[in-house]
Amino acid sequence: MQESNGNKIQIARDKYRWDEMLQHSPIIAAIRSAEALQTAIISPIKIIYLLFGNPMNIAKMIESVRACGKLPLVNADLLQGFSRDAHAVEYLSSCGAAGIISTHHETLRAARAHELITVLRTFIIDSAAVEAGRRFLIHFQPDAIELLPAIAAPLVVNRIREAHPALHVIAGGLVSDLKQVEQLMNAGIDAVSLSDPQLWVI
């Protein structure tokens, strides 16, 4: 589907704002419920991950995030009632999603085709998982990689930066206080995704 000029302008603006927001507002709100979404909308956080949704409500949620000047990124793997194919990504793009989060190569390729922000979500549970992530990045480099759990991210961030210096590195999962966020930032992580509203500060 060919993007309209208005959509192209919005996409270009999203990419610029994404880079700027990660520099100045490195905490991302990770949303798993409608109640948490309402809290995130009135919080100072600029980037919102939508980690739930279905064909009946995702468009309205994206619209509500857009309406308050924030960037909505959708985890395509966690939506109910969607397949993980190019048509689902096209629909999410038409709803106004700024980006797509996924563990799947083809889903992220489809998002790139629509010029959306792409975030590879990867679980660094052992050396084999780290190697699988490294191979993924050889064939496709997203705009960012999110490492889970966050406590393991400092162990591999330097290796990622050596091979892919322009890649944003995000950490998520098992972060319980702002001291841990500070430690992650000091270790070279660009941003941290958090589901606890008490940590949604700048």
Could you give me the ³J(HN,Hα) list for the range 117-126, computed from phi with Karplus coefficients 6.51, -1.76, 1.60 and θ = phi - 60°, whole Hz, x at Gly and Pro? 5, 10, 10, 7, 9, 9, 9, 9, 8, 6
The chain - percent relative contact order, Cα under 8 Å, separation 6 or more: 20 percent
Reported to the nearest 10 Å², ARG121 has, with a 1.4 Å probe, an accessible area equal to 40 Å²
Any chance you could look up the accessible area of ASP190 with a 1.4 Å probe, heavy atoms only, rounded to 10 Å²? 40 Å²
Local net charge near ALA128, Cβ-Cβ under 13 Å (Lys/Arg +1, Asp/Glu -1): 0
Any chance you could look up the accessible area of VAL181 with a 1.4 Å probe, heavy atoms only, rounded to 10 Å²? 10 Å²
Got a sec? What order do LYS70, LYS46, LYS60, LYS15 fall in by accessible area at 1.4 Å, biggest, i.e. largest, first? LYS60, LYS46, LYS15, LYS70
From DSSP H assignment alone, runs of 4+ in the chain each adding -39500 (n - 2.57), the sum over residues rounded to the nearest 500 puts [θ] at 222 nm at -13000 deg cm²/dmol
Please name which of VAL157, ILE138, VAL175 has its Cα lying farthest along the dipole of the range 103-202 towards the positive end, using unit charges on Cβ (Lys, Arg +1; Asp, Glu -1) and the Cα centre as origin. ILE138
Suppose every Lys and Arg Cβ carries +1 and every Asp and Glu Cβ carries -1, with no other charges. What dipole size does the chain come out with about its Cα centre, to the nearest 20 debye? 200 debye
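The values are calculated or read from the model by the stated rules, or taken from the named source; none is laboratory data. Only a predicted model underlies this, so the values are computations on that prediction, with no experimental measurement involved. We place every Cβ from the backbone using ideal geometry, glycine too, and count neighbours over all the protein chains shown. These area figures cover heavy atoms from the full protein model, side chains too; ligands, DNA and RNA do not enter into them. Shrake-Rupley method; radii C 1.70, N 1.55, O 1.52, S 1.80 Å.
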